[in-house]
Amino acid sequence: SKAVVIANQTGHRFQLVLVGDGNQFDELVAYAKKHPEDILIHGSVPQSDIPKWLAGSHVGVLPVPDEEKFRVSSFIKLFEYMAAGMPIMATRIRCNADLLKEDAPYVFWAEGADEASLAKALEPIAQKKQELEDMGKDALIDVQYWTWEASARKIDAGLRSHLSNHD
C-alpha cells in the first residue's frame, strides 16, 4: 500500500485493490482511508467471485518477504493470476523464482518486500502499461506447465526414467 502511494506521489496513477482479510486488515483500512484514490480495500468475497475481481485487474501482486515460512511452497494466487491472464509483480524469493522464469516477459521483479523496492518495481509497470494485456497472454500460456496433469506427466517421466535404470 505504501509503495503505491509513493509511486503515485511521483506522478503515477496506480490503484491497489485488496480483496480479502487478514492480520493487518484494520491497519490497511485505516491507511486506505487516508489514501482513497490510491487504495481500495474490499473484504472477503466468495471464491466464485474471484474470477470477476481478477478480470477487472491489470497486474497480480505477490509482495512476499523473504522469510523462512514463505520459502517452502508457492502461492495459489500466483497460478490464479497466471490463469486469469495477468502479468505479475513478485518479490524475488525462492518460491516465486523457482516457478517464474527469470526472463518471463510477464513478470516484474521486486528485489525486496520493503516499500522502496516495491515502489521501484512499479516503474517498469507504468512504462509498459500499454503492453500489460499481451504480457498476460504469455502468463496464460505458461500456466499450462503448472496444471495437475502437467505435474503428473513430469512425475511419471521421472519415475519411468529412474525405474528403467534398475532391473
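The values are calculated or read from the model by the stated rules, or taken from the named source; none is laboratory data. Just so you know, these numbers come straight off a predicted model, no measurement behind them. Cβ coordinates were reconstructed from backbone atoms using ideal geometry, including for glycine residues, and neighbour counts include every protein chain displayed. For the accessible areas, the whole protein counts, side chains as well, though only heavy atoms, and no ligand, DNA or RNA atoms are used. Shrake-Rupley method; radii C 1.70, N 1.55, O 1.52, S 1.80 Å.
Its residue count N fixes a reference of 2.2 N^0.38 Å for the chain, and the Cα radius of gyration divided by that reference is 1.17.
The H on the amide N of L62, modeled in the peptide plane, is under 5 Å from the matching H of M89, A90, T91, each at least 5 residues off or on a different chain.
Within the range 85-159, the trypsin sites (Lys or Arg not before Pro) that combine a DSSP coil assignment with at most 12 other C-beta atoms in a 10 angstrom radius are K101. The residues of the chain present an accessible area of 66 Å² per residue when probed at 1.4 Å with all protein chains retained. For the range 58-132, report the translational diffusion coefficient in µm²/s to the nearest whole number, using Stokes-Einstein at 4 °C, 1.567 mPa s, and a Kirkwood Rh over Cα pairs. It comes out at roughly 104 µm²/s.
Residues whose amide H lies under 5 Å from that of A113, counting only those 5 or more places away or on a different chain, are D66; hydrogens are built 1.01 Å from N in the peptide plane.
Each label point was placed 7 Å from the Cα along the Cα-to-Cβ direction; for K69 and A83 their separation is 2.5 nm.
Under the simplified labelling scheme, the K129-A157 pair shows an inter-label distance of 4.1 nm, with each label point 7 Å from Cα along Cα→Cβ. Of I41, A152, A104, whose Cα points farthest to the positive end of the dipole of the chain (charges on the beta-carbon: +1 Lys, Arg; -1 Asp, Glu; origin at the Cα centre)? Of the listed residues, the answer is I41. Net charge dipole, the range 65-137: roughly 160 debye, given to the nearest 20, about the Cα centre with Cβ charges of +1 for Lys and Arg and -1 for Asp and Glu.
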